[in-house]
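What follows is a single structure, written as structure tokens, with notes after it.
Any read-out appearing in this document is the output of simple, stated calculations on the displayed coordinates, not a laboratory observation. None of the values given here were measured: they were computed from a predicted structure. Methodologically, a virtual Cβ is constructed for each residue, glycine included, from the backbone with ideal geometry; neighbour enumeration extends over all protein chains shown.
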Amino acid sequence: MQPCLRIGLTGGIGSGKSTVAQMLQDLGATVVDADAISRAATAAGGSAIEAIRATFGAQFITTEGAMDRDRMRALAFSEPDAKKRLEAIVHPLVGQAIEAQFQAAQAAGSRCVVFDIPLLVESGHWRHRLDQILVVDCLEDTQVARVLARNGLDEATVRKVIQTQASRTERLAVADWVIFNDGLTLDQLRAEVRKIAPHFGL
């Protein structure tokens, strides 16, 4: 069985990372979406719900049975320790689910698994688990414009989110491959992805 390449995909908010992930999937990669797994863990019936209830109290669970994101965000903002306690619950569960999806992809004969990880650089423990890292990069003003157009947030909030993420310099420092997604049409972006794809066995 040929080895399965493990590609880390990352980029700041509004960089176009999810679009690139979809394009790689269209070319035959298996995409493991860390964000989606994390959301599922804290959704109604998710694997983290009972531990969240036990740690933070029933008021942090909505009537539908999901984690109350707004209330948790407010708590994390006022108590930095709360974020750490939440991560201590969610991160191991997400890690197990990511590993299970990778094993399934490998068993199915996938040549390339793309781990879509927004905080790949920040988390620190990912680098040694990946064969190569692809960074989707763009200018900060482009990030802001894209997020404003799709999320309806105000500019100050978007810039605050960008400040909490790794800087462009930090991301580029770990990159094996970079797609500079600024001023590109979707077709041009797809062409850039196609150029890199053969290096990923696609």
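Annotations for the structure displayed:
- Taking 7 Å steps out from each Cα toward its Cβ at A36 and Q103 produces label points 2.1 nm apart.
- The alpha-carbon positions of segment 42-126 define a convex hull whose volume is 114 Å³ per residue.
- Mean Cα-pair separation over length for segment 21-115, i.e. relative contact order, pairs under 8 Å, 6 or more apart, %: 41
- The antiparallel fraction among DSSP beta bridges confined to the chain stands at about 5%.
- Distance (nanometres) between label positions extended 7 Å along Cα→Cβ at T169 and R129: 2.8
- Spherically averaged projected area of the convex hull of Cα atoms, segment 1-99: 8.2 nm².
- When the P(r) of the chain is calculated, the portion above 20 Å amounts to 61% of the C-alpha pairs.
- Mean ellipticity per residue at 222 nm, deg cm²/dmol - from DSSP H runs of n ≥ 4 across the chain, formula -39500 (n - 2.57): -16000 deg cm²/dmol
- Largest first and in whole Å, the equivalent-ellipsoid semi-axes of segment 44-93 read 16, 13, 8, each the square root of five times a Cα gyration tensor eigenvalue.
- Of the residues A36, L134, A105, the one whose Cα sits farthest toward the positive end of the charge dipole of the chain, with +1 on the Cβ of Lys and Arg and -1 on the Cβ of Asp and Glu, is A105.
- Point-charge dipole on Cβ atoms (K/R +1, D/E -1) for the chain, about Cα centre, debye to 20: 200
- As a rough guide to protection, the peptides 89-100, 29-40, 12-23, 50-61 ranked by mean Cβ packing within 10 Å, highest first, stand as 12-23, 29-40, 89-100, 50-61.
- Centroid-to-centroid separation of segment 123-167 and segment 39-79 [C-alpha atoms, Å]: 25
- Of all lysines in the structure, the ones whose alpha carbon falls short of 28 Å from that of K84, not counting any fewer than 8 places away in one chain, are K17, K160.
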